[in-house]
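First up is the structure itself, then whatever we jot down about it.
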Amino acid sequence: MAGGMRKLAPGRLVIASHNEGKIREIKELVEPFGIAPVAAAALGLPDPEETGTTFEANARLKARASADGADLPALADDSGLSVDALGGDPGVYSARWAGEPRDFGRAMDKVKAALKAKGATDYAARFICVLCLAWPDGEDIVFEGEARGRLVFPPRGDRGFGYDPIFVPDGFETTFGEMEPARKHAMSHRADAFRKLKKACLDR
Ligand code: IMP
């Protein structure tokens, strides 16, 4: 299946993200394949509103806006925390649960309160990352990655970001917030999605 997917040709690739960390990670991944990433902001491309109700829809609309705006292939990602007992919440609203200005202490409290209100005993959760690679001719491909684990309270560790301090990946006792960043990055939802993209669209 993956072997039949469209390959990303050497040349410029727009990264539809304003997150410096993500742009750097993507750069390291694609440069060995002769692909030169350029940030959407550097091309003056606007950030579309994330109006989708799924990770896939949001990744698609961001990648499509950049591919059309720049007339180049574009890559976008959308990610978040999905809690089984909360029917997948906070999901695509993960960033918004933290309010404005963003406060993830508050967002993590909200997750805990929602689990309590439900009387939930199962704290199983997943981080999800959906990547979308879109071409200016209208084609796109989507890859989904996940990291499975469970939630713990109170939050532990200050090494990560977002919901990392309450997420313990399967097979471990430490939260993503306590873990060596390299260790988290090797097993994260983003790494999983990138592995799939690399296999399908970069490896020749
Ligand atoms: P976005 O995909 O950049 O819109 O980010 C979505 C939100 O999901 C982030 O603001 C975080 O709250 C959460 N999130 C995504 N990935 C991670 C992660 O690796 N650790 C912790 N939180 C994450």
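Cβ separations smaller than 6 Å between residues 6+ apart or across chains give the following pairs from segment 39-62 residues that are more than 25 Å from Leu81 (Cβ to Cβ) to residues that are within 13 Å of the ligand (Cβ to nearest atom) and open to solvent by 70 Å² or more (accessible area, probe 1.4 Å): Ala41/His18.
The C-beta contact set for segment 98-115 (first residue open to solvent by 20 Å² or more (accessible area, probe 1.4 Å), second residue of a type in the set (Phe, Trp, Tyr), distance under 7 angstrom, 6+ apart or interchain) comprises Phe104/Tyr163; Lys110/Trp97; Lys112/Phe153. For residues that are within 10 Å of the ligand (Cβ to nearest atom) and crowded, with 16+ Cβ neighbours inside 10 Å, tally how many sit in segment 145-174. Summing the residues that are within 10 Å of the ligand (Cβ to nearest atom) and crowded, with 16+ Cβ neighbours inside 10 Å in segment 145-174 gives 8. Give the residue, chosen from Ala76, Ala117, Ala70, that is under 21 Å from the mean Cα position of the chain (by Cα) and either at pLDDT below 95 or among the aliphatic types (A, V, I, L, M) (or both). None of the other options fit; the residue is Ala76. Here Tyr123 does not fit the description of being at pLDDT 95 or above, within 12 Å of the ligand (Cβ to nearest atom), open to solvent by 20 Å² or more (accessible area, probe 1.4 Å) and of a type in the set (Ser, Thr, Tyr). Residue count for segment 186-204 under the criterion of being touching a residue at least 12 places away in the same chain (Cβ under 8 Å) and loosely packed, with under 15 Cβ neighbours inside 10 Å: the result is 3. Restricting attention to segment 74-90, does a residue exist that is open to solvent by 60 Å² or more (accessible area, probe 1.4 Å), more than 9 Å from the ligand (Cβ to nearest atom), outside any helix (DSSP H, G or I) and over 23 Å from Phe167 (Cβ atoms)? For segment 74-90, residues open to solvent by 60 Å² or more (accessible area, probe 1.4 Å), more than 9 Å from the ligand (Cβ to nearest atom), outside any helix (DSSP H, G or I) and over 23 Å from Phe167 (Cβ atoms): absent. Among the residues of segment 12-34, write down those that are away from the ligand (no atom under 16 Å from the Cβ) and free of Cβ contacts under 8 Å to residues at least 40 places away in the same chain. Residues satisfying the conditions are Lys27, Glu28, Glu31, Pro32, Gly34. Restricting Ala193, Ala134 to those that are more than 15 Å from the ligand (Cβ to nearest atom) and hydrophobic (A, V, I, L, M, F, W, C) reduces the list to Ala134.
The values are calculated or read from the model by the stated rules, or taken from the named source; none is laboratory data. This structure is a prediction, so every number in the text was calculated from the model and none was measured. Because the Cβ atoms are built from the backbone with ideal geometry, glycine has one as well, and the counts that use them run over all protein chains shown. The accessibility values were calculated without ligands, DNA or RNA, using every heavy atom of the protein model including side chains. Shrake-Rupley method; radii C 1.70, N 1.55, O 1.52, S 1.80 Å.
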